[in-house]
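Taken together, the values in this text are just the output of simple stated rules run on the coordinates, not laboratory data. All of these numbers come straight from a predicted model, not from anything done at the bench. For neighbour counting, all protein chains shown are included, and Cβ atoms are generated from backbone atoms with ideal geometry for every residue, glycine included.
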Amino acid sequence: MLLRVAGGYVSGVEDIDTEALMDPVVLPDMGIWHPLAPQIFDNMSEYKEWYDNVHCPAAGILPNAPTIGLVLQKSHIATKDDGHYVGVVQELERRGARVACTYTGGLDFSVPVQEYLAGPTGEGMVDALVNLTGFSLVGGPASQDAKKAKEVLMKLNRPYLVSVPLVFQSFT
């Protein structure tokens, strides 16, 4: 669309075949992501199929290794500002852990945790959960719902760690 508009104002742009350009890739609002996966997954069974049969054998990750669930923000994945996510995934896998990364575009990160990382009773299908968003599990910088987060985490019944990103802080 921008090239079509620019064609009227910028010389040389009119020669580009805008019909041959790819359509934009639209990410689902919530999903399971891995930096080496060929797609975003919308259910755990498809992710596990790829992870168990393609990725783990290639990476030398054992089937019975502990699984770490990661809570991520869609905005970092959509904009490819995901270097910190990729680094954590790579380091966990290098140390032999399995990884399941969930994300959402909203500020209720408990929804993908319940949808993808909790079993039918709500108990965790992961051995630990790490929140890399910089926000609480339910809510953003201006508000949070501790009661709902506590309910989800109590059902999950797994260790929960929160990584605090140093985005705006300085070392001095």
| note | Counting only residues 5 or more apart in sequence or on a different chain, those whose built amide H sits under 5 Å from that of residue 99 are 68
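With +1 on each Lys and Arg Cβ and -1 on each Asp and Glu Cβ, and nothing else charged, work out how big the dipole of region 86-171 is about its Cα centre, in Debye to the nearest 20.
Dipole magnitude for region 86-171 comes out near 140 debye.
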| remark: Which of 145, 17, 81 fluctuates most in a GNM of the chain (C-alpha springs under 10 Å)? That residue is 17
| said: List the residues, sorted by chain then number, that are 5 or more residues from residue 118 or on another chain and whose placed amide H is less than 5 Å from its amide H. | reply: 125
| Counting pairs on different chains as well as pairs 8 or more places apart, how many Lys pairs in region 25-162 have Cα atoms under 30 Å apart? | 10
| request: Rank 66, 24, 120 by mean-square fluctuation in a GNM of the chain with C-alpha springs under 10 angstrom and give only the top-ranked residue. | output: 24
| request: Let me know the charge dipole size of the chain about its Cα centre in debye, to the nearest 20, where only the beta-carbon of Lys, Arg (+1) and Asp, Glu (-1) is charged. | output: 840
| message | Given an 8 Å cut-off on Cα distances and at least 6 residues of separation, report the relative contact order of the chain as a percent. | response | 20
| said: For a quick check: with amide H placed at 1.01 Å from N, whose amide H comes under 5 Å from residue 131's, ignoring anything fewer than 5 positions away on the same chain? | reply: 71, 161, 162, 163
| Structure-derived semi-axes √(5λ) of the Cα gyration tensor in Å: which label, when the choices are (1) 33, 22, 16; (2) 28, 19, 14; (3) 40, 18, 16 | (1)
| request: Report, in deg cm²/dmol and to the nearest 500, the calculated mean residue ellipticity at 222 nm for the chain, where each DSSP H run with n ≥ 4 adds -39500 (n - 2.57) and the sum is divided by the residue count. | output: -6500 deg cm²/dmol
| For the chain, the longest stretch holding no chymotrypsin sites (Phe, Trp or Tyr not before Pro) located in a DSSP loop with at most 13 other Cβ atoms within 10 Å is which? | 10-167
| query | Computed FRET efficiency, Cβ-Cβ of residue 154 and residue 53, R0 35 Å: what is it to the nearest 0.05? | reply | 0.55
| Taking springs between alpha-carbon atoms closer than 10 angstrom, which of 137, 153, 92 fluctuates most in the Gaussian network model of the chain? | 92
| query | So between residue 20 and residue 2, what do we pick up on full extension, going 0.36 nm a residue minus the alpha carbon distance? | reply | 5.1 nm
| message | How much of the DSSP bridge set in region 25-162 is antiparallel, in percent, rounded to the nearest 5? | response | 35
| residue 64 paired with residue 10, simple spin-label distance in nm, labels 7 Å along Cα-to-beta-carbon | 5.8
| field | Principal-axis tilt of helix 146-156 within the chain, Cα atoms, nearest 10 degrees | value | 70
